[in-house]
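Notes to accompany the following structure.
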């Protein structure tokens, strides 16, 4: 406990960030990780040594080798290639799902936060109820109703994100609404939608983007979970989730089949979490600097 | 406090009713699925009509909803379309499994979060803090199903310390039960434990940086007293708020974990309902899980209101 109560300004910094200087370790590590995730996903067709669905029964369930850097699966398909294409799928699902949540939740939150009252209460009550379902359960139920496909997974995960983004957008909007330029705009008769789009949106966008970064990581885990349960991407399309599901049957002979995709999920989600934290840290720094 | 409690309890009941409407609507707007699943892809119109009549599926949706929810309020969830088994009996049989798993998961989460957060704040800025933070970050970044698979690989298949799945009731053999539940509870609790550790750590560090801590220390309060009275109490509010949300995550994660470890709980009932397209089983199981999440949330909110009196006044929120 020594040094824990030494001064009033020990408050905000996190351990991964050395005190002093503008050095933001989470931002750098997370940023590098996320850029790697995005680049390898987008360049999957160029980087993958094999087609992700190329079957080679003679070399099935292999370990690490020069020909197959991360081994092969039960059909002799190259695990590294499937990992890269699976990342591509995860990234696309995550980005579209988060965009759905960001747009839907942002809109609800801005409208609700514009003015306290019955509209605000009703909207947020609906969001609370949506929020009270466990996310995975809600996704499972929606997939059962919509039918299993990647597109439906995006929609289901996107809907799950709406209440969280709505709450956040509402609290940001409310803090903007007390500003003088809003009072000025309202008193000069600027219409409601124009105030939201021209005055509120630019002010809440940076904060929303930080939330969106963290949400990408969560969307990746949700997509992987749905695919693991057989409710998301359908085989033979590779997804980190269905790769782990398939690999569970061969864990003693080819542990890489589950270890490799599990590591990929860990790295992708860890990177987005770190990046989100780094961005938050930078925002806090800027705020505390602004107060001086 | 009583007033606050009653208000919250009414809120939970209303939310559950809305949730039941949502579940029913989501799963029943597309008609004809139940009969297709039960009778095969090309049933004769007569067979379909007989099936729908038998289960009351020929009635308007609103009537179907009220007959379902009316039964639920009397503890009768109806019968499975596929197996004709009473869903209420099935839920009663499976509920203890899910509750044991989720309680175990919560316990693991707390046992990870609280000690790690304390160790991390005590030795802030050192390698111990860094390791504790890294462990929590890794825990919260790996989804429960991947953690579970990794744990089975290491502890069941490689080291052969623990069984990879299955279930024995604690009343039959407590030792075997605990052995079987250890890995599921661990994989379920790791994710929430990692997140809660970070929340608690940030809360304590944040509180210790406040001026009232400095003032209190300068007036001669001991470090322990300051830590307990000003830091832990203050930090426990965000901890409890996030903890309430994590209750949902733990119950949701249980659905996946039960599937991996072949535990016969409500979660696996829900997934079986999907597999057999038995939507009545699916919507009933999902409603029960949601009900438990909401009740657990209410309980957590009560603890928060007990610690922080400001939360009992609605305007202060």
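Answer with yes or no whether residue B:38 is away from chain A (no Cβ under 14 Å), modelled with pLDDT under 85 and in contact with a helix residue (DSSP H, G or I) (Cβ under 8 Å, 6 or more places away or on another chain).
Taking the combined requirement at face value, the residue satisfies it.
What residue, among those in segment B:228-286 that are part of a loop (DSSP other than H, G, I, E, B) and more than 9 Å from chain A (Cβ to nearest Cβ), is nearest to residue B:122 (Cα to Cα)?
So the residue we want is B:261.
Restricting to segment A:42-72, name every residue that is part of a helix (DSSP H, G or I) and buried (at least 21 other Cβ atoms within 10 Å of the Cβ).
Selection gives A:44 alone.
Could you grab me the full set of residues in segment B:139-160 that are surrounded by fewer than 17 Cβ atoms within 10 Å (Cβ to Cβ) and at the interface with chain A (Cβ under 7 Å from one of its Cβ atoms)?
Result: B:157, single match.
Is there a residue being modelled with pLDDT under 80 and in contact with a strand residue (DSSP E or B) (Cβ under 7 Å, 6 or more places away or on another chain) anywhere in segment A:48-70?
Within segment A:48-70 (the criterion being modelled with pLDDT under 80 and in contact with a strand residue (DSSP E or B) (Cβ under 7 Å, 6 or more places away or on another chain)), the answer is yes, since at least one residue qualifies.
If a residue has to be at pLDDT below 85 and crowded, with 23+ Cβ neighbours inside 10 Å to count, how many in segment A:73-91 make the cut?
1
Can you tell me which residue in segment A:264-281 is farthest from the chain's Cα centre (by Cα), limited to those that are over 14 Å from residue B:195 (Cβ atoms) and more than 9 Å from chain B (Cβ to nearest Cβ)?
Checking each candidate, the answer is A:281.
Against the condition surrounded by 24 or more Cβ atoms within 10 Å (Cβ to Cβ) and farther than 30 Å from residue A:36 by Cα, how does residue A:109 come out, does it pass?
Yes, satisfied.
Of the conditions (1) in contact (Cβ under 8 Å) with a residue 60 or more places away in the chain; (2) closer than 28 Å to residue A:265 by Cα; (3) more than 12 Å from chain A (Cβ to nearest Cβ), residue B:167 clears all except one; give me its number.
It fails just one condition, (2).
Residues B:75, B:89: which one is away from chain A (no Cβ under 14 Å), within 31 Å of the chain's Cα centre (by Cα), free of Cβ contacts under 8 Å to residues at least 60 places away in the same chain and under 28 Å from residue B:165 (Cβ atoms)?
Answer to the check: B:89.
Of the residues in segment A:94-153, how many are assigned to a loop (DSSP other than H, G, I, E, B), within 14 Å of another protein chain (Cβ to nearest Cβ) and more than 18 Å from the chain's Cα centre (by Cα)?
4
If you check A:251, A:257, which single one turns out to be over 21 Å from the mean Cα position of the chain (by Cα), within 11 Å of chain B (Cβ to nearest Cβ) and surrounded by 24 or more Cβ atoms within 10 Å (Cβ to Cβ)?
A:257
Of the residues A:181, A:161, only one is closer than 30 Å to residue A:133 by Cβ and assigned to a helix (DSSP H, G or I); which?
Every option except A:161 fails the conditions.
Are any of the residues in segment A:191-201 surrounded by fewer than 19 Cβ atoms within 10 Å (Cβ to Cβ) and either within 14 Å of another protein chain (Cβ to nearest Cβ) or under 17 Å from the mean Cα position of the chain (by Cα) (or both)?
No, that holds for no residue.
Is it the case, given these coordinates, that residue B:119 is part of a helix (DSSP H, G or I) and over 18 Å from residue B:281 (Cβ atoms)?
Yes; evaluated as a whole, the condition is true for this residue.
Would you please name the residue that is farthest from residue B:184 (Cα to Cα), looking only at residues in segment B:119-137 that are at the interface with chain A (Cβ under 10 Å from one of its Cβ atoms) and in contact (Cβ under 8 Å) with a residue 60 or more places away in the chain?
Here the residue is B:124.
Within segment A:268-284, is there a residue that is closer than 30 Å to residue A:121 by Cβ and surrounded by fewer than 15 Cβ atoms within 10 Å (Cβ to Cβ)?
The answer is yes; a qualifying residue exists.
Pairs needed: first member in segment B:253-280, at positive phi; second member anywhere, crowded, with 24+ Cβ neighbours inside 10 Å; C-beta distance under 7 Å; at least 6 residues apart or different chains.
none
Across segment B:201-227, which residue is farthest from the other protein chains (Cβ to nearest Cβ) among those that are under 17 Å from residue B:310 (Cβ atoms) and crowded, with 19+ Cβ neighbours inside 10 Å?
Going through the qualifying residues, I end up with B:203.
Return the residues of segment B:151-177 that are assigned to a helix (DSSP H, G or I) and touching a helix residue (DSSP H, G or I) at 6+ places or on another chain (Cβ under 6 Å); say none if nothing qualifies.
B:151
Can you name the number of the only condition in (1) surrounded by fewer than 19 Cβ atoms within 10 Å (Cβ to Cβ); (2) at the interface with chain B (Cβ under 9 Å from one of its Cβ atoms) that residue A:237 fails?
Of everything listed in (1) surrounded by fewer than 19 Cβ atoms within 10 Å (Cβ to Cβ); (2) at the interface with chain B (Cβ under 9 Å from one of its Cβ atoms), residue A:237 misses just condition (2).
Check whether at least one residue in segment B:187-198 is surrounded by fewer than 16 Cβ atoms within 10 Å (Cβ to Cβ), part of a helix (DSSP H, G or I) and in contact (Cβ under 8 Å) with a residue 12 or more places away in the chain, and report yes or no.
So far as segment B:187-198 goes, no, none of its residues is surrounded by fewer than 16 Cβ atoms within 10 Å (Cβ to Cβ), part of a helix (DSSP H, G or I) and in contact (Cβ under 8 Å) with a residue 12 or more places away in the chain.
What's the number of the condition residue B:83 fails, among (1) surrounded by 13 or more Cβ atoms within 10 Å (Cβ to Cβ); (2) closer than 17 Å to residue B:266 by Cβ; (3) modelled with pLDDT of 80 or more?
All conditions pass for residue B:83, except number (3).
State the number of residues belonging to segment B:99-115 that are more than 12 Å from every other protein chain (Cβ to nearest Cβ) and crowded, with 20+ Cβ neighbours inside 10 Å.
9
Take residue A:245 and decide whether it is under 24 Å from residue A:95 (Cβ atoms), modelled with pLDDT of 90 or more and under 19 Å from the mean Cα position of the chain (by Cα).
no
The values are calculated or read from the model by the stated rules, or taken from the named source; none is laboratory data. This structure is a prediction, so every number in the text was calculated from the model and none was measured. Here Cβ is always computed from backbone atoms with ideal geometry, including for glycine, and neighbour counts include all displayed protein chains.
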